[in-house]
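**Student:** Just passing along the structure, written as C-alpha cells.
The values are calculated or read from the model by the stated rules, or taken from the named source; none is laboratory data. Being a predicted model, the structure only gives us computed values, none of them experimental. Glycine also receives a Cβ, built like all others from the backbone with ideal geometry; neighbour counts cover every protein chain displayed. Quick note on the areas: whole protein, heavy atoms, side chains included, nothing else; ligands and nucleic acids left out. Shrake-Rupley method; radii C 1.70, N 1.55, O 1.52, S 1.80 Å.
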Amino acid sequence: MVTTTQVQICNQHNVGTPNFGQVLYRMAQADSNLDHDIPLLPLPAHWAKSVVGLLSFICFANSYNGDFVFDDSEAIINNKDLRAETPLGELWHHDFWGSKLSSNTSHKSYRPLTVLTFRINYLLAGGFYPLGFHVVNIILHCAISVLIVDVFSILLGGLQYTSKGRRLNFVPKSSLLAALLFAVHPVHTECIAGIVGRADLLCALFFLLSFLGYCKAFRESKEGAPFSTAWVLLSVLLGALAMLCKEQGITILGLNALFDAVMINKLNILEVLLKILRKDKSLESLVVFRKGLLFRMTLLLSGGATMLYVRWRIMGTGPPAFTEVDNPASFADSIFVRAINYNYYYSLNAWLLLCPWWLCFDWSMGCVPLIKSVSDWRIIALAVLWFCLIALMCQALCSEDSQKRRILTLGLGFLIIPFLPASNLFFRVGFVVAERVTYLPSIGYCMLITYGFSLLSRQAKKKKFLVAALLGLLLVNVWRCVIRSNQWRSEEQLFRSALSVCPLNAKVHYNVGKNLADKGNQTAAINYYREAVRLNPKYVHAMNNLGNILKERNELHEAEELLSLAVQIQPDFAAAWMNLGIVQNSLRRYGEAEQSYWTAIRHRKKYPDCYYNLGRLYADLNRHIDALNAWRNATVLKPQHSLAWNNMIILLDNTGNLAQAEAVGREALELIPNDHSLMFSLANVLGKSQKYKESEALFHKAIKANPTAASYHGNLAVLYHRWGNLDLAKKHYEISLKLDPTAAGTRENYSLLKRKLDQLGKKGDV
C-alpha cells in the first residue's frame, strides 16, 4: 500500500486554508484505520481488479449458452427495432419493447441505447442466436465489477491525488472486499443471465463512469483552478447516456451532488440543515460558497432538468399502462394499504440483498399478498427495516466521527437514491419486486456491509473466525450464482425454480404451462393453466391459452365458457375474441362467430390472423367474394401470411378461376419465394391450365424442399398421368403411397394408371 509519507498530496483545494494539506494527511490517516481492521491481505490494484474480474466471470460464465427466456422474447425476438429493415431513427420513438411511445399500451420504458446494442448483436450474429447476447452481458458485469474497485476506494477511503494527478487508494482491502461482495451477489443473476438485464448493466456502466468522471474534476488543473468544469459537464453527459440505457441512470446526478457536499466540501448535513431552519446568517460563510459547490450544483440540476424535459417531450404526458395484477398495491383505494404495502416491498428488496436465497423471475400475481390490516405479522418486517434505516440515518447525521458520517451518508445515498424510480413514490411501476432494480442499490449495500464488517473485526478478538465466515459467505454466494445462472439458461428450469419460491404466483403456473404446451405436453399444461386460473380467477391470458388447448382437443363447450369469461373480464382482449370465434365456428354458430371476429378486429385493427379465420368462416358459408376479401386483407397486413395466400389460390382454383388463381400464386411466390406449399398450390393450377413444363418444375422444387410430403408426389403423378408420361406417373404414385398408404385418392388413381398400362401392354402384345 502506498503511504501518505511517500507522496506529495495535491492541495488544489487549499483556497484560503493554509493547513489543508495537513488536514488531508490526517483524514487519510483516519481512513486507513478502516482498512487496518479488515483481516485481508492488501493486494496491488491490478491484482485486486483481476481477482474481482475473475470471480465475477466464474459466477455467471455458465449462462453464456443459455436460451432466450421470459421477457427476452418480447424485448428481442418480437422487437422489430432489432431488424435491419427498421430505420435506426425509429429506435428514438419507440419504447424498450418496440412499441410507439405515443401508444396507450406503451410501458414508457425509453432505453434506445440498450435496444441499439441488441440490434448490433442481432446484425453481427446474422439472426437471433442468444450466444452473443449472453457473452456481452457477462463481459459488461465483469467490466463493472472491475470498475467498482475504484469507486469503492473513493467512497470508503476518500478522494486524494498526488501532485502528478494519480489518485491514491488508502483502503485497498476495504475496496476489494466491497467489490467482491458486489461481484458475486446472487441477486444480480437476473441482470446478467437474462438478456433484457443489459439495460441495468449498461446503465450501471455509464453510472459509474459518470461518478468517476465527476471525481476527475477535482484533479489539479493546469490553470490551478479548484475543479474542472469540462469534467463536470462530461459527468452530466455520461449520466444522460446512463438514463438512455435505463431510467435509474439519472439518479447519478443526485449522488454526484451528495458526494460533492459530503466528500469534497466535508459538509455536516445536520449542521447545514439546522442553520437553514434557524436562518442563521453564518450559513453564508460556509465553505460551500468558496469551493464552487453552488456552481457545480447548478450544472447538475440544469443537466437533470434538461434530461427530464427532453424525455417528457419524447415520451408524452400519458402515464405508463399497467394492470392491477402487475402492481396490486398501487391500485388499492386506501392510502394506508398502499403505504403499508409499498414499505413491505422495500423490506423484501432489502431482504433479497441480505439473504439472496429465494429468487424468482416474477413476484407479481399473488406472490406477495396484500397487507390489509395492522394485525398482519408481516408488519414486523417493515418495522425492522425502518428501525435499521432510522438508526443508520441518525448515525450518519449525528455522529461526532466525521469518517462514520461520511461513509454512512454515502452508503445510504447509494442504497436509496438509485432505488427511488422503482419505489412507486413518483409514479406507478409495473412490478411488485424486481431483482434487477437492486443492481445499483447493491453498491450502497456492499459499502455498508464492508463498513460494518470493519467495525465488527475491530471488536473481535479471534479474527480467524471472521475471516472464515467472510470466505464462507463469498464461496456460498459464488455457488448460488452458478446454480441460479444455470436456472436462467432455459425457460423450463427458470419457471420450475419459481414454483417453490412463489407457489401462489399465478404467472409462474401460467409460464410453466405455456412451456409444456409449446413442447406438446398438453395434458400437463392444462393442469398448470387450471391452477393459474384458480389462483387468479381474472387471469384472462391463462383462460385464453387453456381455451385454445381445449379447442384443439375438441372440448368445445368448456373452451367457449373460458373464452367468453375472458372477454367479459377484458372486453378489448382481441386474441380471446378471435379464439372464441374459432370455437363458435366449430360449433356451427356462424353468426356469433362472425360477430366475434369483427369484435376482435375492432379492438385490434391490424390483425391478419383474425382476417384469415374470418375468411375461413366465409368459405364455409360459400361467401367466396367475402372470403377472398378477408384473405386479401390478411396478406396486405402481413405479406408473408402463407396460409391466406394458399387459401386464395385453392378457392380460386376450386371455383374454376384458373387465370386469377395463377396470378395470385405468382404474386405470393414473389413475396415468399421459398414457401413449398405455395409452389405446390401454383403447380396444381398450372397443371390444370396445361402448362405442364412449368408445373413440373414447381412440383420438383416443392418436393426438394419437403421430400416427405405424400400429396406432392401424388399430384406430380397426376400431372404426369395427364401429360402422358405414364412411367414417371407410376413412379411418383408409388412414392406417394409408400409415404402415405391410406391416401384413397392416390390409390384410386394408381389403380386407373395400372389398368391403363395393362391395356397398353396387351395392345403391344397384339
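**Student:** For q values of 0.11, 0.12 Å⁻¹, compute log₁₀ I(q)/I(0) with the Debye formula on a Cα-only model of the range 544-663, without solvent.
**Tutor:** Values returned for q = 0.11, 0.12 Å⁻¹ are -0.37, -0.43.
**Student:** Which whole-number value in Å² is the accessible area per residue of the chain, probe 1.4 Å?
**Tutor:** On a per-residue basis, the chain sits at 47 Å².
**Student:** Computed over the Cα atoms of the range 333-412, what is the ratio Rg over Rh, Rh following Kirkwood?
**Tutor:** For the range 333-412, the value is 1.07.
**Student:** Which ³J(HN,Hα) values in Hz, rounded to whole numbers, follow from the phi angles of the range 441-457 under the Karplus curve 6.51 cos²θ - 1.76 cosθ + 1.60, where θ = phi - 60° and Gly and Pro get x?
**Tutor:** Couplings: x, 5, 4, x, 4, 5, 5, 5, 5, 5, 5, x, 5, 5, 5, 5, 5 Hz.
**Student:** Assign one of three labels to the range 627-766, namely rounded, prolate or oblate, based on the Cα gyration tensor with a ≥ b ≥ c the square roots of its eigenvalues; rounded applies when a/c is under 1.5, prolate when it is not and a/b is larger than b/c, and oblate otherwise.
**Tutor:** Prolate, since a/c reaches 1.5 and a/b exceeds b/c.
**Student:** Next question. When ranked by the protection proxy of mean other Cβ atoms within 10 Å per residue, highest first, what sequence do the peptides 65-78, 567-580 form?
**Tutor:** Result, highest mean first: 567-580, 65-78.
**Student:** Can you compute 3J(HN,Hα) from phi for each residue in the range 477-487, using the Karplus curve 6.51 cos²θ - 1.76 cosθ + 1.60 with θ = phi - 60°, rounded to whole Hz and x for Gly and Pro?
**Tutor:** 5, 4, 4, 5, 4, 4, 5, 5, 5, 5, 5
**Student:** Next question, about the same structure. In whole angstrom, and with the biggest value first, how far do the Cα coordinates of the chain range along each principal axis?
**Tutor:** Result, largest extent first: 127, 56, 52 Å.
**Student:** Express in % the proportion of alpha carbon pairs of the range 603-682 at distances exceeding 16 Å.
**Tutor:** Distances greater than 16 Å cover 44 percent of the Cα pairs.
**Student:** Using a 1.4 angstrom probe on heavy atoms only, work out the carbon and sulfur share of the accessible area of the chain in %.
**Tutor:** Answer for the chain: carbon and sulfur cover 60 percent of the accessible area.
**Student:** Once you order the gyration tensor axes a ≥ b ≥ c over the Cα atoms, which shape class does the range 674-756 get: rounded for a/c under 1.5, otherwise prolate or oblate by comparing a/b with b/c?
**Tutor:** oblate
**Student:** Quick one: Kirkwood hydrodynamic radius for the range 56-109, alpha-carbon pairs, angstrom, one decimal?
**Tutor:** Value: 12.9 Å, from the Cα pair sum.
**Student:** Now for a separate question. Sort the following peptides by mean Cβ neighbour count (other Cβ atoms within 10 Å, averaged over residues), highest first: 128-140, 610-622.
**Tutor:** In decreasing order of mean packing, 128-140, 610-622 become 610-622, 128-140.
**Student:** Right, another one. With an 8 Å cut-off on Cα pairs and a minimum separation of 6 or more residues, tell me the relative contact order of the range 638-766 in percent.
**Tutor:** 15
**Student:** Quick one: if you take sqrt(5λ) for each eigenvalue of the C-alpha gyration tensor of the range 94-210, what semi-axes come out, biggest first, whole angstrom?
**Tutor:** So the three semi-axes of the range 94-210 are 34, 16, 14 Å.
**Student:** Quick one: Cα convex hull volume of the range 37-177, Å³ per residue?
**Tutor:** So the per-residue hull volume is 180 Å³.
**Student:** Next up: In the range 569-618, what is the volume of the convex hull around the alpha carbon atoms, normalised per residue and reported in Å³?
**Tutor:** Considering the Cα atoms of the range 569-618, their hull volume per residue is 61 Å³.
**Student:** Using the Cα gyration tensor of the range 112-153, with a ≥ b ≥ c the square roots of its eigenvalues, what is the shape: rounded (a/c below 1.5), prolate (a/b larger than b/c) or oblate (neither)?
**Tutor:** It is prolate, given that a/c is not under 1.5 and a/b is the larger ratio.
**Student:** Another question, if that's okay. Tell me the Kirkwood radius of the range 73-143: reciprocal of the mean inverse pair distance over distinct alpha-carbon atoms, in Å.
**Tutor:** 12.5
**Student:** Okay, next question. How high is the relative contact order of the chain, given as a whole-number percent (alpha carbon pairs under 8 Å, six or more residues apart)?
**Tutor:** 11
**Student:** Mind computing the radius of gyration and Dmax over the alpha-carbon atoms of the range 171-250? Å is fine for both.
**Tutor:** 15.6, 48
**Student:** Could you work out the Rg to Rh ratio of the range 484-618, with Rh taken as the Kirkwood radius (inverse of the mean 1/r over all Cα pairs)?
**Tutor:** Rounded to two decimals, Rg over Rh is 1.03.
**Student:** Okay, next question. Given N residues in the range 364-454, what is its alpha carbon radius of gyration divided by 2.2 N^0.38 Å?
**Tutor:** Against the compact-globule rule of thumb, the ratio is 1.26.
**Student:** Also, I was wondering about something else. Where does the range 532-576 land on the Kirkwood hydrodynamic radius, alpha-carbon pairs, in angstrom?
**Tutor:** 10.2
**Student:** Under 8 Å for C-alpha pairs, at least 6 residues apart: give me the relative contact order for the range 541-588, rounded to a whole percent.
**Tutor:** 38
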